[in-house]
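Please read the structure below before turning to the comments.
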Amino acid sequence: MAARYGSDLIVDMMKSLGIEYVALNPGSSFRGIHDSLVNYSQNKNPEIILCCHEEIAVSVAHGYAKATGRPMAAIVHNVVGLQHASMAIYNAWCDRTPILVMGGTGPVDSSKRRPWIDWIHTALVQGNLVRDFVKWDDQPMGSGAIPNSIMRGYRTAMTEPKGPVYLCFDVDLQEAELKEDIVVPDIGRYRPPAPLQAETGALKEAARLLAQAERPLILADYMGRNPESVNHLVELADLLSIPVVDRGARHNFPNTHPCDLTGREKELVEEADVIMGLDVMDLYGALVRYDAKTKSCRPVMTPGCKVIHISLADLAIRSWTTDVQELAPIDLPILADTRVFLPALTEEIRRQAKFSKNAVEDRRKQLSKQHDEIRENHQGDLKRRWDENPISPPRMTHEIWQVIKDEDWTLVAGAFRGWPRRLWDWKKPGAFLGGYGGGGLGYAPGASVGAAIGLRDSGTVCIDLQRDGDLLYTTSALWTASSYKVPLLMIMTNNRTYYNDEEHQEKIAITRGRPVENKVVAMRMESPPVDFATLAKSFDIFSEGPIEEPAKIQPAIRRALKVVKEERKPALVDVIIQAV
Ligand SMILES: Cc1ncc(C[n+]2csc(CCOP(=O)(O)OP(=O)(O)O)c2C)c(N)n1
């Protein structure tokens, strides 16, 4: 019988859990696992996705999990790789995305260490570094503990609210020959639990409040992480004609639906008599108005307005950062998974049958009118900014739409200041995968690659509207995209500046009466301007640009799309746009 090693067991566990890919940047602290992936498992199920930076490896796994609902493993080198990975782990934590982050350490037995290097790369214990923003971390102390450690890690990451976990393996444990035959347990008996349903009384009360409301409002944010929830929300909105505002952590509601009033949140919150939040990350922020001058928040709801919130956020509290957001006043807080809560709520409203069909009909007509107005206003904005030079974001968004509107597409990254949701038809659940969660830049390049790997065989065209500053943090994700022939359409929304921060410098200068024109100092990336098309070519990626004339956008994107669809490879089109 061929010898079997600790790291072979680790790979057997990944295999049995159905982990398809392992994104990694190599390191000696997991050379045992690397060998097992390549030589014991022939680099299949899981297959290695080589990345040039640990931050990219984790964001690849982040994008993949959002696109597929399944976790990838990301293996990062001991202390140093984990430090590189930490910001991407934080993004995944805030974005409630499951990832099995793995790593090596040690030898924990210091008498076995190589001088110097093993000492600077061993920590007591390594998980400390990321413990505040993973759901769980573990460092199993013997081979027999490996299966349960990995199964618990998987189950914890995949239990709502989902999130990353960190599993660390002593090099000695990885490299030791197994003395006994440790069998892989029956994975089916260690599955994540069934989704959490609301307490019956709370469910009934929510149904009663909504059915009797005259001006109900739904705010949906992160609910669309389960694409089936989008259809459940459509059913509910249709039943009572409730306006829905999509807050955008995921795609929550079709923008073509007459109840979609996204863009009118401020007025609707002020008018509403019942507001129901569905997995809203910052519910407090939605209910108040922030005054930048006084640096204070003022509630804006009508007195007596009842607030319901269905969320699992109470189960994901940590103290290190305040990603919990300000505490919101909620009349009916419900701890439940929106995926199962929404259909139950709709059924309960039907069962109670306490709503007036006429009132619902009337409201539908009003909503439909307001919805049409909003859409017309967006088209008006587009017309107004049609000829601006450099190209305006709405014009660019429109040009892209002309090329992709008949495709099955998924916007895997790049909300692009909300323009695609305003100007494209977002119908399909899962049409947009949301942003970076923790606000850490460098997310989109890796996450788009991961999402496009996950959706490779789905027939959808994966689009990344890629900001220039964001790409410059993690440029080498292009290497992974190219090497693994990832069919991804990257379109640069290139304003050659860290625009968001220009706005901040402008505000400060105005407040202090200092020269506003200096806002561009140490902000613009114009000298030299980055030639992203050449950069992409250096990674053997099809590219065009920089494009500065609107008429050239469509033909270039068509050619790039052809490469993505027919050659099943990435392509990049660099378009120069104005900042605002
Ligand atoms: C890791 C990290 N560093 C710095 C920032 C601060 N920051 C927020 S937005 C921004 C500018 C982003 O520029 P770009 O990606 O080009 O997008 P733009 O705002 O120009 O559309 C910066 C630097 C951040 N969010 N994350």
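Annotations
- A simple charge model with +1 on the Cβ of Lys and Arg, -1 on the Cβ of Asp and Glu and nothing else charged puts the dipole of region 240-288 at about 160 debye relative to its Cα centre.
- For the chain, with +1 on Lys and Arg beta carbons and -1 on Asp and Glu, the positive-most of LEU332, VAL125, ALA431 along the dipole: LEU332
- Note on surface exposure: ARG155, ARG421 rank ARG155, ARG421 by accessible area, highest first, 1.4 Å probe.
- Reported to the nearest whole Å, the Cα centre-to-centre distance from region 362-439 to region 1-28 is 43.
- Kirkwood-type radius of region 353-450, with distances r between different C-alpha atoms, in Å: 16.1
- Along region 64-75 the Karplus relation, 6.51 cos²θ - 1.76 cosθ + 1.60 evaluated at θ = phi - 60°, assigns HN-Hα couplings of 4, 5, 5, 6, 10, x, 10, x, 9, 9, 10, 9 Hz to successive residues, with x for each Gly and Pro.
- Along its principal axes, region 400-505 has C-alpha extents of 43, 34, 24 angstrom, given from the largest down.
- For TYR154, the solvent-accessible surface computed with a 1.4 Å probe is close to 40 Å², ligands and nucleic acids excluded.
- Stretchable slack from ASN231 to ARG189, in nm (0.36 nm times residue separation minus alpha-carbon distance): 12.1 nm
- DSSP beta bridge pairing in the chain, given as percent antiparallel to the nearest 5: 10
- From the alpha carbon centroid of region 29-57 to that of region 136-190 is 17 Å.
- Once the 1.4 Å probe is applied to the protein heavy atoms, the chain comes out at 43 Å² accessible per residue.
- Pairs exceeding a 32 Å alpha-carbon distance, out of LYS354/LYS427; LYS44/LYS162; LYS266/LYS365; LYS369/LYS428; LYS428/LYS519; LYS266/LYS569: LYS428/LYS519; LYS266/LYS569.
- The 1.4 Å probe gives accessible areas that order ARG384, ARG4, ARG417, ARG189, largest first, as ARG189, ARG384, ARG417, ARG4.
- Cα lying deepest toward the dipole's positive end in the chain, options PRO555, ALA213, VAL230, charges on Cβ: ALA213
- Shown for region 156-268: the carbon plus sulfur share of the solvent-accessible area, taken with all protein chains present and a 1.4 angstrom probe, equals 49%.
- Compared with the rule-of-thumb size 2.2 N^0.38 Å for a compact globular protein, region 182-270 has a Cα radius of gyration ratio of 1.43.
- Geometric extent, Cα atoms of region 251-361 - Rg, Dmax (angstrom): 15.9, 51
- Normalised alpha carbon radius of gyration of the chain [divisor 2.2 N^0.38 Å]: 1.01
- Of all accessible heavy-atom area on region 308-453, the percent that carbon and sulfur account for (1.4 Å): 48
- Counting only Cβ charges, +1 for Lys and Arg and -1 for Asp and Glu, the dipole size of region 498-560 around its Cα centre is about 100 debye.
- Spin-label model distance (nm) - ARG289 vs GLU407, 7 Å beyond Cα toward Cβ: 4.2
- If you take the Cα centroid of region 469-519 and the Cα centroid of region 74-120, the two points sit 29 Å apart.
- Dipole in debye (nearest 20) - region 1-155, about Cα centre, beta carbon charges: Lys, Arg +1; Asp, Glu -1: 220
- Within region 35-76: backbone nitrogen closer than 16 Å to the ILE117 label point (7 Å, Cα to C-beta): 35
- Considering every alpha-carbon pair of region 14-106, the percent of pairs per 10 Å bin, from zero through the bin containing the longest distance, is 19, 53, 26, 1.
- Ranking of LEU129, LEU471 by solvent-accessible surface, largest first: LEU129, LEU471 (1.4 Å probe, protein heavy atoms only, all chains present).
The values are calculated or read from the model by the stated rules, or taken from the named source; none is laboratory data. Quick caveat: nothing in here was measured; it's all calculated off a predicted structure. Note: ideal-geometry Cβ built from the backbone for every residue, glycine included; neighbour counts use all protein chains shown. When the accessible area is computed, the model is the full protein with side chains, heavy atoms only, and any ligands, DNA or RNA have been set aside. Shrake-Rupley method; radii C 1.70, N 1.55, O 1.52, S 1.80 Å.
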